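Contents: one structure, followed by commentary.
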Amino acid sequence: MADYPLIDVRHLNKIYKNDGVVTQALFDITFQIKHGEFVSIMGPSGSGKSTLMHILGLLDRPSSGEYFFNGHNVNELSDDELANLRNKSIGFVFQAFNLLPRTTVLDNVKLPLLYSKDKRRMEERAKEVLENIGLGHRLYYLSNQISGGEKQRVAIARALVNNPQVIFADEPTGNLDSKSGIQVMQILQALNDKGTTIILVTHETFTAEHAQRIIKIYDGRLVSDEPVVNRRIAKENEFLK
Ligand code: ADP
């Protein structure tokens, strides 16, 4: 395992400028996340979680400060290099699933492999990931013909198809019933047990406590960074106890 952190941000600031209006969304954020950790980033609406996730996920750049992703200094990478690093290393799961409608489950999961040369291998890989996540019987369903819980599992399969080092999950249970939500948390914990780093963005304490560590932000500032003492392990009967 690498002897440097997967994520290393130092004195990060983010300022948005729109039509002369300046909003500072992040102030002097510094922390590290090691390979293999499961970390929640928690804060109320408007606190800067999405802004931070976009920067950590290499979808946007900081206004100032440093960000080393897996040893790469993000400030020194071109937009193309950043996109390549992102496609190779990072999977995203969003609250709204973001699947292509009227497109099969299998084709949705194949999407990140579009540029791969070996088309047969690509098909096999997408099927394999879907089977592992319990959706082998849904391959040819359209993504708008399956339940919300299944949609989120398709989105997780799509995030996993490139074997990423880290998954960013932004309120992944926000649109789900409690049973499907527990399943999603079970999957994220199982992936983490096998070594994938998970970064979960949420405003809910209950969801955040499934991680090993919680970083709290408020008004764009890091206000605490602590281990979870009684970590929640997602179990089907969690609400029955
Ligand atoms: P959260 O995800 O915690 O709800 P956000 O990161 O979306 O918080 O927003 C943090 C702050 O930055 C808010 O004040 C929001 O209005 C502002 N903000 C977010 N995105 C933009 C943008 N593209 N342009 C201007 N302001 C933005």
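The values are calculated or read from the model by the stated rules, or taken from the named source; none is laboratory data. This one's a predicted model, so the numbers in the text were calculated from it and none came from an experiment. No Cβ is skipped: glycine too gets one built from the backbone with ideal geometry, and neighbour counts run over all protein chains shown.
Worth a mention:
- For first residues located in the stretch 85-107 and farther than 19 Å from GLY181 by Cβ and at pLDDT 95 or above, partners that are of a type in the set (Phe, Trp, Tyr) and part of a strand (DSSP E or B) and lie 6+ apart or on another chain with Cβ distances below 7 Å form the pairs LEU85/PHE69; ILE90/PHE168.
- Count - residues of the stretch 1-34 that are of a type in the set (S, T, N, Q) and either within 16 Å of the ligand (Cβ to nearest atom) or surrounded by 18 or more Cβ atoms within 10 Å (Cβ to Cβ) (or both): 4
- Scanning the stretch 174-188 for residues that are without any contact (Cβ under 8 Å) to a residue 40 or more places away in the chain and surrounded by fewer than 16 Cβ atoms within 10 Å (Cβ to Cβ) yields a single hit, ASP177.
- Checklist (1) modelled with pLDDT of 95 or more; (2) closer than 14 Å to ASN162 by Cβ; (3) surrounded by fewer than 17 Cβ atoms within 10 Å (Cβ to Cβ) applied to ARG121, failing item: (1)
- Filter result for LEU111 (buried (at least 20 other Cβ atoms within 10 Å of the Cβ) and part of a helix (DSSP H, G or I)): no
- Extreme residue, nearest to the ligand (Cβ to nearest atom), among residues of the stretch 35-66 that are of a type in the set (Asp, Glu) and in a loop (DSSP other than H, G, I, E, B): ASP60
Residue-by-condition table, conditions (1) more than 16 Å from the ligand (Cβ to nearest atom); (2) under 22 Å from ALA96 (Cα atoms):
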residue: LEU160; (1), (2): yes, yes
residue: VAL166; (1), (2): yes, yes
residue: ASP170; (1), (2): no, yes
residue: GLN183; (1), (2): yes, yes
residue: LEU191; (1), (2): yes, yes
residue: LYS194; (1), (2): yes, no
residue: GLU204; (1), (2): no, yes
residue: ILE214; (1), (2): no, no
residue: LYS235; (1), (2): yes, no
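- Taking every residue in the stretch 119-139 that is farther than 16 Å from GLN152 by Cα and pairing it with any residue that is assigned to a helix (DSSP H, G or I) and charged (D, E, K, R), at least 6 positions away or on another chain, the pairs with Cβ-Cβ distances below 8 Å are MET122/LYS110; GLU123/LYS110.
- The criterion of being closer than 30 Å to ASP3 by Cα, within 19 Å of the chain's Cα centre (by Cα) and assigned to a helix (DSSP H, G or I) holds for LEU85.
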